[in-house]
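Since the structure comes first, as structure tokens, the remarks are kept for the end.
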């Protein structure tokens, strides 16, 4: 897919130099009169495929030399924070041939900028071995008059009354406003430039026979449920090329997995709707929700457990939740189980056919949880035993109470876990150390997996995942019953995008967080 990167920034005197920027872009050695130094970037000459300076008709011919042009720009900016030039960095589609890239950039610059009176300095970069063609464009911020002299960026305009007379502030100063001499700084320009870049790129892509097309809109504006990836800067890209993983690279890889899962789930969702529409059922006022809508509650319910995680860990957890939903939906597709009532009936049949094995699995799971609890309780008791023993040594009531107040949490925790161990850490676990308990736990888990594989149900792994989702949702929420006048109305309401469902969960979590924060603030105020 063609990369939609199109970045626009402004170079100012306080942070950069127009001469230095031009020298870097063109890989040349230019003299900066303002700083009285040479800006030498000739070492990057291999990266520059083509370059040029495009001028409007009334510009001085000597401005075709980029050193003269940008020194003139810098010398005419008197303010310490003056804006020197506008900088654009745009990715060129790889499918466009090298020769056509020059024509493409020339055509874009002439039609978009030079025709408006701007001087344009462009350099096309194509670093060897990186397959990353892009163009750097520098644009002047001041217009040139008919004599080729720099014009002011704005002028003062007095505010007149209905009779054409000046109006004044109470302090006697004439009222005025600043009026730009050009429309180059209009907020909507960047959007127009991006659209022009898209149109011209697609024209050249069509000309070279590529089926790929460039779309400069965000995923949200395109109506896609995908997550956007982060821009890989030169440092991160260089590290990734060497095989060193970066945070940005890891995040983008996870975003690609997430988006791929969303595409697959969207296709499954549409399949469920189509199958539902094809069923000839008697119209009834109450319809059972489609399973995708029910299962997505699982993703939403897990949102509170994800929102405090770092961004990369959060998306990994979301991927796992979506993967569970996808495998369950994929399995249900083969069974033609479409609604919650269908699922309940199927699960009752499965549990009836496998009741003995399921009881064994539940018993073994309870034992695994008990061993986990024993291991945890032992650790807590070992860590807090010395505090409890010191507490028991206190003979006087006053010192005993004071010590208890200082270590209340540790003492209560020790007593609670010691009581649990006295009741549960008996029999075969009592004389076993932690290593042997972990081995016991692993044996039980192996037995659980063996019994799950032996379930008399096709795709037992998917059944286990589905059971986990089903239990989580049924414990925490109830699917809303939708009242529809017709099947057509029901199906239309059920066509809710996955993105909307995920966003609804995130918004609820944010609202809960704000509510908790507001409550904490009120408590502090009191």
- prompt: Pairs, please: C-beta under 7 Å, at least 6 apart or cross-chain, first residue outside the structural domain of residue 266 (by TED's automatic domain parsing) and within 12 Å of residue 261 (Cα to Cα) and in the stretch 304-333, second at pLDDT 75 or above and surrounded by 20 or more Cβ atoms within 10 Å (Cβ to Cβ)?
  reply: none
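Could you list all residues from the stretch 242-264 that are over 30 Å from residue 333 (Cα atoms) and in contact (Cβ under 8 Å) with a residue 24 or more places away in the chain?
Taking the stretch 242-264 and keeping what is over 30 Å from residue 333 (Cα atoms), we get 242-252.
The answer is 247, 250, 251.
With respect to residue 152, determine if the residue is loosely packed, with under 12 Cβ neighbours inside 10 Å, within 29 Å of residue 61 (Cα to Cα), in contact (Cβ under 8 Å) with a residue 24 or more places away in the chain and out of contact with any strand residue (DSSP E or B) (no Cβ under 7 Å at 6 or more places or on another chain).
Criteria met by residue 152.
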- prompt: When both residues are 6+ apart or on different chains and their Cβ atoms are under 8 Å apart, which pairs have a first residue that lies in the stretch 104-118 and is touching a residue at least 24 places away in the same chain (Cβ under 8 Å) and at positive phi, and a second that is surrounded by 15 or more Cβ atoms within 10 Å (Cβ to Cβ) and not in a loop (DSSP other than H, G, I, E, B)?
  reply: 117/144
Selection count where residues are buried (at least 18 other Cβ atoms within 10 Å of the Cβ) and in a loop (DSSP other than H, G, I, E, B), scope the stretch 118-139: 4
- prompt: Which of (1) assigned to a helix (DSSP H, G or I); (2) at pLDDT 70 or above; (3) surrounded by fewer than 20 Cβ atoms within 10 Å (Cβ to Cβ); (4) out of contact with any helix residue (DSSP H, G or I) (no Cβ under 6 Å at 6 or more places or on another chain) does residue 312 not meet, given it meets every other one?
  reply: (4)
- line: Being modelled with pLDDT of 85 or more, surrounded by 13 or more Cβ atoms within 10 Å (Cβ to Cβ) and part of a helix (DSSP H, G or I) narrows 421, 451 down to just 421
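Can you tell me which of 102, 73 is modelled with pLDDT of 90 or more, under 23 Å from residue 214 (Cβ atoms), touching a strand residue (DSSP E or B) at 6+ places or on another chain (Cβ under 9 Å) and surrounded by 14 or more Cβ atoms within 10 Å (Cβ to Cβ)?
102
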task: Being within 19 Å of residue 122 (Cβ to Cβ) and surrounded by fewer than 17 Cβ atoms within 10 Å (Cβ to Cβ) is the filter here, so list the residues in the stretch 7-23 that pass it.
output: 7, 8, 9, 10, 16
message: Looking at the stretch 43-55, can you tell me whether even one residue there is under 30 Å from residue 230 (Cβ atoms), free of Cβ contacts under 8 Å to residues at least 60 places away in the same chain, out of contact with any helix residue (DSSP H, G or I) (no Cβ under 7 Å at 6 or more places or on another chain) and surrounded by 14 or more Cβ atoms within 10 Å (Cβ to Cβ)?
response: yes
- request: Go through the residues of the stretch 370-383 one by one and say whether even a single one is out of contact with any helix residue (DSSP H, G or I) (no Cβ under 9 Å at 6 or more places or on another chain), closer than 30 Å to residue 333 by Cβ and either without any contact (Cβ under 8 Å) to a residue 12 or more places away in the chain or not assigned by TED's automatic domain parsing to the domain that holds residue 333 (or both).
  value: no
- prompt: If residue 200 satisfies every condition in (1) modelled with pLDDT of 80 or more; (2) part of a loop (DSSP other than H, G, I, E, B) but one, which is the exception?
  reply: (2)
- prompt: Looking only at residues in the stretch 140-156 that are in contact with a helix residue (DSSP H, G or I) (Cβ under 9 Å, 6 or more places away or on another chain) and assigned to a strand (DSSP E or B), which one is modelled with the highest pLDDT?
  reply: 140
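The values are calculated or read from the model by the stated rules, or taken from the named source; none is laboratory data. Being a predicted model, the structure only gives us computed values, none of them experimental. Cβ: placed from backbone, ideal geometry, glycine included. Neighbour counts: every protein chain shown.
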